[in-house]
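Computed from the coordinates by the stated procedures, all read-outs in this text should not be read as laboratory data. Fair warning: this is a prediction, and the values are worked out from it, not measured in the lab. Reconstructed Cβ throughout: ideal geometry from the backbone, glycine too, with neighbour counts over all protein chains shown.
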Amino acid sequence: MQMPNLKEAKVRTQNTPRTINYNIKEDYKSLGKNKTYFIKTYGCQMNEHDTENIKAILEQMSFRESPIMENADLILLNTCAIRENAHNKVFGMIGRIKHLKESKPNIIVGMCGCMVQEEIIAEEIKNKYKWLDIVFGTHNINELPRILSQSLKENKLALEVYSIEGDIIENMPVKRESKYKAWVNIMYGCDKFCTYCIVPYTRGKQRSRTKENIIKEINELKKSGYKEITLLGQNVNAYGKDLGVGYDMSDLLSEAAKTGIERVRFITSHPWDFTDSMIEIIKKYPNVMPYIHLPLQSGSNRILKLMGRRYTKESYLELFNKIKEIPNVAITTDIIVGFPGETEEDFNDTLEVVKACKYDSAFTFIFSPREGTPAAKMIDNTPLEIKEKRLYILNNLINKYAREANENYLNKIVPVLLENISEKNSEMLMGYTDTMKLVNVKAPKDKLGQIVNVKINEVKTWSMDGEIIDEI
Ligand code: SF4
């Protein structure tokens, strides 16, 4: 058993991360013969992409995917640690699965992802959920075949979660969710240690993949017919800083654009590392999409300092205004309300920034203390009702601006990558504009995977409807 340790997870050294080439032993390749798996994924895009790797590894082991959890021989929960309610959701689901395991004792049940990297959660599992079969963390997805084989052999919980700075694992197989758009990891981990955030503890230090491996992956995706890639990392704008070769995110963005793939996106940005040269590259290349997610978190300088965000309201607005000069750009954000000690005045500062920025949309949250982070120890005496009221006021404002931003699209013709059948109407297809607006389009299914010109006929707060004018 290998348990995570919060103190070890905080350590940052100058050591260069190891690059490990994934491969699977022959012995493990038939472990899942005639068996099926089901994975439930919680949380961010990083987790979604990890699930794509885990699925491919399981398929190398001969498992096949089951769309229904109750029919699967292996059930895996890929968990998220960002907020407290994720904990409740996951353990609620584990309770359901326990009943299933009582009637089908041979099913294999596992947990992985950020939540199990938390010391307190791993302890909880060790003490109260011994009936689980496998638990592994974010640093050792590549070891899944060995961990699973061990659990099957010994018929007991195999819990292996490391608190290390982390490696870079290359050549992991991937079963992508979409045939048209793909995640491309460019870096792992984070060294920012914002005081409320658990990510630097669960995902290790910032480590960038080499540009050669990234560009090779983009070229392969383009060759296989992918139309869109999203460069993925906790703080992509800091890409390359750890490599020390003077090659940064703007260089990578321009090289990604030069591959000629039709759409390049990136997520997530930290305002601190957003450079003017990145803005120039986005303006220069039409295949770098004019969509930026720029987390604000708070509009109060006092709260930003307590959060350890390293920017002020003024410097954020200066950056925002520079980004706004990108033609046709859409900007979204993340905002936390009710951070410990947030006063009415602090909250009003946040509203002022929102009014100045008129975001295209925003993810808004009530502060959720994460055990082990500095913010969890800060005095927080704002009652929940007040936090909820602030969230309500904020959301009303966000919705108003989201609606207004969408209204600008009415009767306009915009490019949309059609990626799936619409959830609201099976006769329609859904896709996203270059600016990341969700559009439902009256279109035949053979248009799936194409970027088409769509005339917007109707706008709502969170989506639009339109029809194809002609193909691009
Ligand atoms: S930059 Fe993002 S991932 Fe890193 S500590 Fe701050 S909030 Fe967390």
Check: Once amide H atoms are placed 1.01 Å from N in the peptide plane, what residues at a sequence separation of 5 or more from GLU65, or on another chain, have their amide H within under 5 Å of its amide H?
Finding: TYR37
Checklist line | Ranked packing of 139-150, 101-112, most packed first, by mean Cβ within 10 Å | finding: 139-150, 101-112
Checklist line | the stretch 400-472: trypsin sites (Lys or Arg not before Pro) in DSSP coil with no more than 15 other Cβ atoms inside 10 Å | finding: LYS412, LYS424, LYS460
Notebook entry, point to check: In the structure shown, do any of LYS55/LYS181; LYS98/LYS130; LYS223/LYS442; LYS55/LYS222 have a Cα-Cα gap over 19 Å, and if so which?
Noted result: LYS223/LYS442; LYS55/LYS222
Checklist line | Length gained when the stretch LYS7-GLU280 is fully extended (0.36 nm per residue, less Cα-Cα span) | finding: 94.2 nm
Next item on the list: With the Cα gyration tensor of the stretch 216-364 in hand, give its eigenvalues times 5 under a square root as the equivalent ellipsoid semi-axes, listed largest first in whole angstrom.
Entry: 31, 16, 13
Next item on the list: Report, as a whole number in µm² per second, the diffusion coefficient that Stokes-Einstein gives for the stretch 178-289 at 25 °C and 0.890 mPa s using the Kirkwood radius over alpha carbon pairs.
Entry: 172
Next item on the list: Using the structure shown, list the pairs from LYS25/LYS241; LYS10/LYS241; LYS216/LYS447; LYS355/LYS377 with a Cα-Cα distance above 24 Å, or answer none.
Entry: LYS25/LYS241; LYS216/LYS447; LYS355/LYS377
Next item on the list: Please list the equivalent ellipsoid semi-axes of the stretch 33-134, computed as the square roots of five times the alpha-carbon gyration tensor eigenvalues, in descending order and whole angstrom.
Entry: 21, 17, 11
Note to self: Please give the charge dipole size of the chain, origin at the Cα centre, charges +1 on K and R Cβ atoms and -1 on D and E Cβ atoms. Round to the nearest 20 debye.
What the structure shows: 640
Check: Taking the alpha-carbon set of the chain, what are its Rg and Dmax in Å?
Finding: 22.7, 64
Next item on the list: Taking the Cβ of LYS460 as the centre, find all other residues whose Cβ is under 11 Å away and add up their charges (Lys, Arg: +1; Asp, Glu: -1).
Entry: 0
Checklist line | Relative contact order of the stretch 74-195, defined on C-alpha pairs under 8 angstrom at six or more residues apart (%) | finding: 20
Note to self: Cα atoms only: what Rg and Dmax, in Å, come out for the stretch 418-472?
What the structure shows: 9.8, 28
Item checked: Relative contact order computed over the chain (Cα-Cα under 8 Å; 6+ residues apart), in percent -> 11
Item checked: Rounded, prolate or oblate (a/c below 1.5 giving rounded, otherwise prolate when a/b exceeds b/c) for the stretch 56-100 by Cα gyration tensor -> oblate
Notebook entry, point to check: Rounded to the nearest 0.05, what FRET efficiency do LYS324 and ARG64 have when you use their Cβ-Cβ distance and R0 = 51 Å?
Noted result: 0.60
Check: Can you work out ³J(HN,Hα) from phi for every residue in the stretch 238-247, in order, using Karplus 6.51 cos²θ - 1.76 cosθ + 1.60 and θ = phi - 60°, giving whole Hz and x for Gly and Pro?
Finding: 8, 3, x, 4, 6, 7, x, 10, x, 10
Note to self: Can you give me the long-range amide H partners of ASN235? Hydrogens built in the peptide plane at 1.01 Å from N, cutoff under 5 Å, separation of 5 or more residues or another chain.
What the structure shows: THR268
Note to self: Once each part is reduced to its C-alpha centroid, what is the distance from the stretch 404-448 to the stretch 281-303 in angstrom?
What the structure shows: 23
Notebook entry, point to check: For the stretch 278-294, in order, what is each residue's ³J(HN,Hα) by Karplus, 6.51 cos²θ - 1.76 cosθ + 1.60 with θ = phi - 60°, in whole Hz (x at glycine and Pro)?
Noted result: 4, 4, 4, 5, 4, 5, 6, 9, x, 8, 8, 6, x, 9, 10, 9, 10
Notebook entry, point to check: Over what distance in Å are the Cα centres of the stretch 190-262 and the stretch 167-186 separated?
Noted result: 12
Margin query: Just to verify a number: FRET efficiency for LYS156 and LEU448, C-beta to C-beta distance, R0 = 60 Å, to 0.05?
Written below: 0.85
Next item on the list: Name the long-range amide H neighbours of THR333: under 5 Å, sequence gap of 5 or more, or other chain; modelled H, no Pro or chain starts.
Entry: LEU294, SER361, ALA362, PHE363
